[in-house]
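The block underneath contains the structure these notes are about, expressed in structure tokens.
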Amino acid sequence: MQTILGANGQIAVELARELRREYTEDLRLVSRNPRKVNESDSLVKADLLDAEQTAAAVNDSDVVYFTAGLPANTELWEAQFPTMLRNALDMTRAAGAKFVYFDNTYMYPQDDRVQTEETPFAPKGRKGKVRASMASMVLEEMARGDIPVLIARAPEFYGPGRTQSFTNSLVIDPLKSGRKPRVPVRDDRLRTLIWTPDASRALALLGNTPDAYGQTWHLPVAEERPDYRHFAIMASQAFGQEPGHTVVPGWVLNAAGLFSPQVRELRELLPRYEHHNRFDSTKFTSRFPEFAVTPYREGLAIIRRETDIKRAR
């Protein structure tokens with residue numbers, strides 16, 4: 001039995017598809033309101049803030065994937081995320097299962113350095129501090145050695161379906177409506193983005209590779225690192241539109257935060273868009289050289305086809 005905690009997000013949905021396709025038919029999806037991805041999926045309703053419900057959710061599992069998410073609300077993150085993760089770790093240990101933690105880069109320095117698995121944590125904002133404390137919690141569990149544990153870390157997303165990211169909301173979503181894309185802060189800085197289905201496929205691969213445990217892994221990204229200007233051009237071309245985009249300055253986004261709670265919650269991430277973002281996944285690609293990473297143009301073409309299909313319905 002392989003179990004996904006927090007099973008409704010885009011990463012979890014793609015993970016469930018990949019696990020069913022390549023590894024197991026015995027799959028359990030856990031959330032407050034789980035929905036089947038594959039016909040054979042087993043569904044369990046559970047609140048990860050409740051230790052007993054979490055214990056029941058992971059019982060008899062061989063591998064537990066923590067992909068739970070929360071809305072971009074700082075107070076909610078501080079109040080709930082650490083408890084959810086602690087319950088997941090404690091109950092996975094009690095079940096004697098393996099634990100796979102899906103992580104992001106909020107805790108990394110927001111500067112130009114190349115990010116590797118050895119990059120030190122230097123969180124700037126409150127959400128970054130929450131993610132740093134959570135990653136540290138998992139590292140402590142890894143060091144304890146009672147159960148196999150691994151961390152799989154991803155940079156900013158772009159992708160199909162309900163993928164949520166700055167890039168999707170500012171660049172891709174406007175193109176779906178025939179409008180020009182927008183770029184946050186600067187368009188001349190290199191960006192590393194991960195295609196969400198690649199992240200999920202890699203997560204499933206790591207979870208089913210015994211010697212991957214006891215380590216932190218950067219999930220695989222394309223070797224190409226376009227700046228946002230070139231990414232916006234590729235995206236416009238994929239949607240059959242003339243290239244052209246608007247750069248939204250940091251001060252505008254900061255000001256927008258005075259009126260929009262959603263924007264206000266993301267302001268602590270804005271400094272990273274002033275710098276090159278170079279996320280290195282050499283460790284993964286060296287260990288798994290056959291893993292095929294989706295090029296940016298191919299990913300954008302898939303989003304365009306998905307958009308056309310939805311419009312035709």
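The values are calculated or read from the model by the stated rules, or taken from the named source; none is laboratory data. Only a predicted model underlies this, so the values are computations on that prediction, with no experimental measurement involved. Positions of Cβ are generated from backbone atoms using ideal geometry, with glycine treated the same way; all protein chains shown enter the neighbour counts.
Some points to look at:
- Residues satisfying the stated conditions in the range 61-90, i.e. within 13 Å of ILE4 (Cα to Cα) and outside any helix (DSSP H, G or I): SER61, ASP62, VAL63, VAL64, TYR65, PHE66, THR67, ALA68, GLY69
- Per the conditions (1) modelled with pLDDT of 90 or more; (2) farther than 30 Å from SER61 by Cα, the sole criterion not satisfied by GLY207 is (2).
- Here SER200 meets the list (1) polar (S, T, N, Q); (2) closer than 24 Å to LEU27 by Cβ; (3) out of contact with any helix residue (DSSP H, G or I) (no Cβ under 7 Å at 6 or more places or on another chain) almost entirely, failing just condition (3).
- Residue match in the range 35-53 (condition: closer than 24 Å to GLY145 by Cβ and part of a strand (DSSP E or B)): no
- HIS245 being under 11 Å from LEU175 (Cα atoms), touching a helix residue (DSSP H, G or I) at 6+ places or on another chain (Cβ under 8 Å) and either in contact (Cβ under 8 Å) with a residue 60 or more places away in the chain or of a type in the set (D, E, K, R) (or both): yes
- Residue check, GLN10 within 21 Å of LEU89 (Cβ to Cβ), within 21 Å of the chain's Cα centre (by Cα) and either surrounded by 22 or more Cβ atoms within 10 Å (Cβ to Cβ) or at pLDDT below 95 (or both): no
- Among the residues of the range 125-152, those identified as of a type in the set (Gly, Ala, Ser) and over 30 Å from ARG267 (Cβ atoms) are ALA143, GLY145.
Table: residues versus (1) loosely packed, with under 15 Cβ neighbours inside 10 Å; (2) in contact with a Lys or Arg (Cβ under 8 Å, 6 or more places away or on another chain); (3) modelled with pLDDT of 95 or more; (4) β-branched (Val, Ile, Thr).
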site	(1), (2), (3), (4)
LEU48	no, no, yes, no
GLU52	yes, no, yes, no
VAL58	no, no, yes, yes
GLU118	yes, no, yes, no
SER136	yes, no, yes, no
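- Considering only residues in the range 217-240 that are in a strand (DSSP E or B) and in contact with a helix residue (DSSP H, G or I) (Cβ under 8 Å, 6 or more places away or on another chain), the one that is surrounded by the most Cβ atoms within 10 Å (Cβ to Cβ) turns out to be HIS218.
- ARG201, sole failed condition from (1) in a loop (DSSP other than H, G, I, E, B); (2) in contact (Cβ under 8 Å) with a residue 40 or more places away in the chain: (1)
- Test for GLU140: is it modelled with pLDDT of 95 or more and among the acidic types (Asp, Glu): yes
- Condition met for ARG93 (modelled with pLDDT of 95 or more, outside any loop (DSSP other than H, G, I, E, B), over 18 Å from the mean Cα position of the chain (by Cα) and under 24 Å from ASP198 (Cα atoms)): no
- Some residue of the range 108-126 being out of contact with any Ser or Thr (no Cβ under 8 Å at 6 or more places or on another chain) and closer than 30 Å to ALA56 by Cα: no
- The requirement of being modelled with pLDDT of 90 or more and either part of a helix (DSSP H, G or I) or within 30 Å of GLY125 (Cα to Cα) (or both) is fulfilled somewhere in the range 246-262, by at least one residue.
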